[in-house]
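K.L.:
Quick one: structure below, then a few questions.
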Amino acid sequence: MEIKVLEKKDADRYKKLRLEALKLCPEAFASSYEEEKEFTLETFENRLSNSHSYTLGTFENGELLGVVTLQLEQKAKLKHRITIFAMYVAVEKRGKGLAKKLLKEAIIKSKQMVGIEAIYLTVGAANQPAKNLYKSLGFATYGIDKKALKIDNYYLDEELMVLYF
């Protein structure tokens, strides 16, 4: 298994995994499958070429199995923090420690960046396995965003978490 920062050349594999994530776990993402299935490959290439974010991917035999994105803040008063989003591991590969390895790598990368003091993330309030994972790595809850997502006529709360260095 290899974890690396995804590049433009990985866009096709990234798009495939991203659409799988949005289709199978709509409650876990603010974006929807219906929106992103229309995106061109160039859109995904641009995401992976953005100088303000890094998407880490875990590969096995050339297959992309999991991803997590680190988004750098651009405003001067927020540059001490980074945000994790779009965390996903392929369903058939869950329970094997891939998510934990990806997050540990994201934490290491964040700590190596000059001026970064904390990592922020949001997670579905009902997603206990993900919350347990984040807590096991030192993240703590600092709030709840009530009715953060609306899927059809159903609302979902999100838990706000942070890891201070």
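The values are calculated or read from the model by the stated rules, or taken from the named source; none is laboratory data. No experiment lies behind these values; they were computed from the predicted model shown. Backbone-built Cβ (ideal geometry, glycine too); neighbour counts: all protein chains shown. Calculation scope for accessible area: heavy atoms of the full protein, side chains included, ligands and nucleic acids excluded. Shrake-Rupley method; radii C 1.70, N 1.55, O 1.52, S 1.80 Å.
K.L.:
Protein chains only, probe 1.4 Å: how do 152, 12 rank by accessible area, largest first?
P.N.:
So the residues, ranked largest to smallest area, are 152, 12.
K.L.:
Can you sort 3, 82 by 1.4 Å-probe accessible area, starting with the largest?
P.N.:
Ranked from most to least accessible, the order is 3, 82.
K.L.:
Might you tell me the accessible area per residue for the chain, computed with a 1.4 Å probe and given in Å²?
P.N.:
57
K.L.:
At 7 Å along Cα-to-Cβ for each site, give me the label-to-label distance between residue 114 and residue 144 in nm.
P.N.:
According to this spin-label approximation, the distance is 4.2 nm.
K.L.:
Per residue, what volume in Å³ does the Cα convex hull of the stretch 72-165 take up?
P.N.:
Cα-based convex hull of the stretch 72-165, divided per residue, equals 117 Å³.
K.L.:
How large is Rg over Rh for the chain, taking Rg from the Cα atoms and Rh as the Kirkwood inverse mean of 1/r across Cα pairs?
P.N.:
On the Cα set of the chain, Rg over Rh gives 0.94.
K.L.:
Run lengths n ≥ 4 of DSSP H only: what is the helix-derived mean residue ellipticity at 222 nm for the chain, with -39500 (n - 2.57) per run over all residues, to the nearest 500?
P.N.:
Mean residue ellipticity at 222 nm (helix-derived): -9000 deg cm²/dmol.
K.L.:
Additional query: Limiting things to C-alpha atoms, what are the Rg and the maximum Cα-Cα separation (Dmax) for the stretch 1-46, in angstroms?
P.N.:
In Å, with Rg to one decimal and Dmax whole: 11.2, 31.
K.L.:
At a 1.4 Å probe, what is the % contribution of carbon and sulfur to the accessible area of the stretch 1-158?
P.N.:
The C+S portion of the solvent-accessible surface of the stretch 1-158 is 49 percent.
K.L.:
So, one more: For a 20 Å ceiling on Cα separation, which of these pairs sit above it: 15/109; 23/93; 100/135?
P.N.:
15/109
K.L.:
Quick one: of 9/77; 111/150; 9/37; 16/150; 16/75, which pairs are farther than 29 Å apart, Cα to Cα?
P.N.:
Beyond 29 Å between Cα atoms: 9/77; 111/150; 16/75.
K.L.:
Residue separation times 0.36 nm, minus the C-alpha to C-alpha distance between residue 154 and residue 43: what's the value?
P.N.:
So the chain would gain 37.0 nm between residue 154 and residue 43.
K.L.:
While we're on this one: Could you calculate, for the stretch 7-89, the ratio of the Cα radius of gyration to the Kirkwood radius, expressed as Rg to Rh?
P.N.:
0.98
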